[in-house]
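The next block holds one structure in the form of structure tokens; read it before the comments.
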Amino acid sequence: MQKAKSGSGKPARESDTQDGYDDVQWNSSSSSQPPWLRFHLGITRWELYPHRDPNMELLTQQLGTHRIVSAMQKSGGTQLKLIMSFSNYGQALLKPKK
């Protein structure tokens, strides 16, 4: 496999080309979309998610096992809030319960 080169002609570092994210192939079919996107698209004005949403099991499994690419503290307020970015381009807001 040939190494990618940066604009300067030097071999590119992995973080220059991939930034730690997965190569994804999404289309309009919901089966090609990651669980976090299906969850997000399912939010309505009446509920965050349906009571028996089949997507929740896979979503919570992925939240617990996928590699975290970055985590940042969200500013404002008096409680700790962390925004975590995952390798499949998803993000989660973690707000510990008092």
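The values are calculated or read from the model by the stated rules, or taken from the named source; none is laboratory data. The structure presented is a predicted model; accordingly, all values stated were derived computationally and were not measured. Neighbour counts run over all protein chains shown; Cβ positions are idealised from the backbone, glycine included.
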Query - Matching residues, segment 73-89, being within 23 Å of residue 59 (Cβ to Cβ) and either in a loop (DSSP other than H, G, I, E, B) or in contact with a Ser or Thr (Cβ under 8 Å, 6 or more places away or on another chain) (or both) - result: 74, 80, 81, 84, 85, 87, 88, 89
Requested in this report: Pairs only if they're at least six apart or on different chains, beta carbon under 7 angstrom, first in segment 45-71 and within 17 Å of residue 83 (Cβ to Cβ) and of a type outside the set (A, V, I, L, M, F, W, C), second part of a loop (DSSP other than H, G, I, E, B) and modelled with pLDDT under 85; list them, first residue then second.
Outcome: 66/87; 66/88; 67/87
Query raised in the report: Tell me, which residue of segment 36-72 that is among the basic types (Lys, Arg) and not in a helix (DSSP H, G or I) is modelled with the highest pLDDT?
Result: 45
Query raised in the report: With (1) surrounded by 12 or more Cβ atoms within 10 Å (Cβ to Cβ); (2) part of a loop (DSSP other than H, G, I, E, B); (3) at pLDDT 85 or above as the list, and residue 20 as the residue in question, which single condition is left unmet?
Result: (3)
Report task. For residues that are loosely packed, with under 13 Cβ neighbours inside 10 Å and hydrophobic (A, V, I, L, M, F, W, C), scanning just segment 59-92, find the one that is farthest from the chain's Cα centre (by Cα). Result -> 80
